[in-house]
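I have a structure here, written as structure tokens, and I will follow up with some questions on it.
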Amino acid sequence: MKLALVLPGQGFQRLGLLAPFGKYSQISEVLTQIDETLPDLRLSRALMHADADLDVQPTSIAQPLILAASYAMYSTLKPQLEEHDVEYVLGHSLGEFTAYVIAGALDFPTALKLVRARGLAMQRATPENNTGMRLVIKKRGVEGFDEKLALAAEKHNVDIANYNSADRTVLAGALADLDATVSELGRIASQPLNVSGAFHSRYMKPAQGELAELVAKAPFTLPTSPHIISNLTAKPYESVQEIRKACVDALVEPVLWKQSLQYTAPRVDGIVSLGPGRIGKLTMGEYKQPTWYYENGEPFSAV
């Protein structure tokens with residue numbers, strides 16, 4: 001069976017993400033790696049215990065936490081996945097770094113250090129804590145909504161950050177500008193995202209230089225299989241240089257998630273949504289391929 005793995009980004013962080021996975025022998029080894037790589041955070045306790053004393057909302061903590069949880073979950077599912085042909089891996093925003101690790105483009109400890117540094121740089125880019133992201137849900141049958149959304153965003157200095165599905169788009173910008181944009185769109189469904197900044201927007205530009213230096217030193221390789229789908233092009237990466245450039249450009253460019261799934265879904269027999277949160281459930285409704293969700297330690301719990 002040809003499969004694609006989809007991996008979450010920020011927004012699903014919480015304490016105790018790996019508590020249901022303690023029964024798997026692979027978990028202790030991964031937790032040791034995590035704490036040896038980022039000893040100052042002690043993420044293993046935060047991952048295994050819902051009462052841990054760690055604020056996981058700052059992006060500098062949420063990013064390594066989500067990557068660590070997703071990779072640990074993958075390690076427990078890997079024996080079952082080996083029975084199938086994993087053709088593609090694609091991660092939403094931060095999740096693309098998890099995809100690099102799973103595909104073999106980057107080793108796990110380096111990826112942890114990189115996303116920790118990425119998160120710190122992104123925090124420094126917007127220290128006032130007055131920016132954020134807003135999900136906008138398009139009403140069915142509304143004509144010209146996408147054009148109206150683009151015009152309102154441009155008018156209020158807001159950027160389109162994620163194209164998640166045909167009816168779900170994420171905006172990023174100053175909180176007041178997001179309010180003005182949504183207000184101009186009229187009676188629509190919208191909700192703030194559980195993130196601490198305006199990611200994938202102009203506000204992240206100050207973080208690019210710092211991240212570029214780190215990415216240039218990271219030992220990326222280009223795996224032949226599985227293929228890694230780029231958030232920026234919605235196509236498989238073709239070179240290490242393209243990966244390095246995308247790591248930096250993605251800070252200020254939108255995630256083409258809808259387009260990535262449009263490319264991937266017809267090429268596989270099924271999709272595995274792996275990691276905390278059900279990014280697949282939020283975006284897979286328009287595709288016919290069966291989707292399995294793996295987040296509570298029960299392999300391939302079909303929905």
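A short reminder: the numbers here are calculations on the coordinates, not readings from a lab. In this text, all values refer to a predicted model and were calculated from it rather than measured experimentally. Neighbour counts run over all protein chains shown; Cβ positions are idealised from the backbone, glycine included.
Just check region 156-303 against the gyration tensor rule for me: Cα atoms, a ≥ b ≥ c as the square roots of the eigenvalues, rounded for a/c under 1.5, and otherwise prolate or oblate depending on whether a/b exceeds b/c.
Working: a/c = 1.95, a/b = 1.09, b/c = 1.78.
Oblate, because a/c is 1.5 or more while a/b does not exceed b/c.
In bins 10 Å wide, starting from 0, what share of all Cα pairs of region 163-246 does each bin hold, as a percent?
Here the calculated profile for region 163-246 is 13, 34, 30, 18, 5.
Now for a different question. Find me the longest stretch of the chain that has none of the exposed trypsin sites (Lys or Arg not before Pro), where exposed means in a DSSP loop (not H, G, I, E or B) with at most 14 other Cβ atoms within 10 Å.
188-287
Sequence-distant or interchain residues sharing an amide H contact under 5 Å with Gly277, placed H: which?
For Gly277, whose amide H was placed from the backbone, there are no distant partners under 5 Å.
Continuing with this model, one more query. Specify which labelled value, from [x] 29, 23, 19; [y] 42, 20, 16; [z] 34, 20, 19, agrees with semi-axes √(5λ) of the Cα gyration tensor in Å derived from the coordinates of the model shown.
[x]
Just going by the charge dipole of the chain, with Lys and Arg at +1 and Asp and Glu at -1 on Cβ, which of Gly270, Gly9, Tyr287 is farthest out on the positive end?
Tyr287
Moving on to the next point. If each residue's Cβ is checked for other Cβ atoms within 10 Å, how do Ser165, Ser273, Ser239 rank with the fewest at the top? Don't skip to the answer; put the middle values down first.
Numbers: Ser165 18, Ser273 23, Ser239 10.
Going from sparsest to densest Cβ surroundings: Ser239, Ser165, Ser273.
Here's something else I'd like to know. Rounded to the nearest 5, what is the percent of antiparallel bridges among the DSSP beta bridges in the chain?
On the way: 19 of 36 bridges.
That works out to approximately 55 percent antiparallel.
Another one. Tell me which of Val56, Asn162, Ile229 sits at the most positive position along the dipole axis of the chain, charges placed on C-beta atoms (Lys, Arg +1; Asp, Glu -1).
Of the candidates, Asn162 comes out farthest on the positive side.
Taking only C-alpha pairs under 8 Å that are 6+ residues apart, what is the relative contact order of region 131-192 in percent? Mind showing how you got there, number by number?
On the way: 97 pairs, mean separation 30.1, N = 62.
Once normalised by length, the contact order is 48 percent.
Please find, in a Gaussian network model of the chain (springs between Cα atoms separated by less than 10 Å), the residue of Val240, Val252, Val89 whose mean-square fluctuation is greatest.
Val240
I would also like to ask the following. Order of His92, His84, His227 from fewest to most other C-beta atoms within 10 Å? Intermediate results must be reported in sequence, preceding the final value.
Values: His92 26, His84 15, His227 22.
Ascending Cβ contact count within 10 Å gives the list His84, His227, His92.
Here's something else I'd like to know. Would you calculate, for the chain, the mean residue ellipticity at 222 nm contributed by helices, counting each DSSP H stretch of 4 or more residues as -39,500 (n - 2.57) and dividing by all residues, to the nearest 500? Walk me through the numbers on the way to the answer.
On the way: 11 runs with 125 residues, N = 303.
Value at 222 nm, helices only: -12500 deg cm²/dmol.
Would you please classify the overall shape of region 150-190 from the alpha carbon gyration tensor, given that a ≥ b ≥ c denote the square roots of the eigenvalues, rounded means a/c under 1.5, and beyond that prolate means a/b larger than b/c while oblate covers the rest? Present the calculation step by step, with values, prior to reporting the outcome.
Values: a/c = 1.76, a/b = 1.26, b/c = 1.40.
In terms of gyration-tensor shape, oblate.
Might you report the magnitude of the Cβ-based charge dipole of region 25-100 about its Cα centre, with Lys and Arg at +1 and Asp and Glu at -1, to the nearest 20 debye? Working shown, then result.
Values: 3 positive and 12 negative charges, 28 e Å.
Charge dipole, region 25-100, about its Cα centre: 140 debye, nearest 20.
Another one. Which of Leu135, Leu18, Leu106 comes first, and how do the rest follow, when ranked by fewest Cβ neighbours within 10 Å? Display every interim value, and only then the final one.
Values: Leu135 18, Leu18 25, Leu106 22.
Exposure proxy ranking, most exposed first: Leu135, Leu106, Leu18.
Can you tell me, using C-alpha contacts under 8 Å and at least 6 residues apart, the relative contact order of the chain as a whole percent?
Numbers: 617 pairs, mean separation 73.8, N = 303.
That works out to 24 percent.
Around Arg244, with a cut-off of 14 angstrom between Cβ atoms, what is the net charge of the other residues, counting Lys and Arg +1 and Asp and Glu -1?
Charge balance in the 14 Å sphere: -2.
Okay, which of region 208-241 sit inside 18 Å, backbone N to the point 7 Å along the Cα-Cβ direction of Asp107?
Zone members listed by number: 214-223.
Let me spell out the model: positive unit charges on the Cβ of Lys and Arg, negative unit charges on the Cβ of Asp and Glu, origin at the Cα centre of the chain. What dipole size does that give, in debye rounded to 20?
On the way: 29 positive and 33 negative charges, 83 e Å.
Dipole magnitude for the chain comes out near 400 debye.
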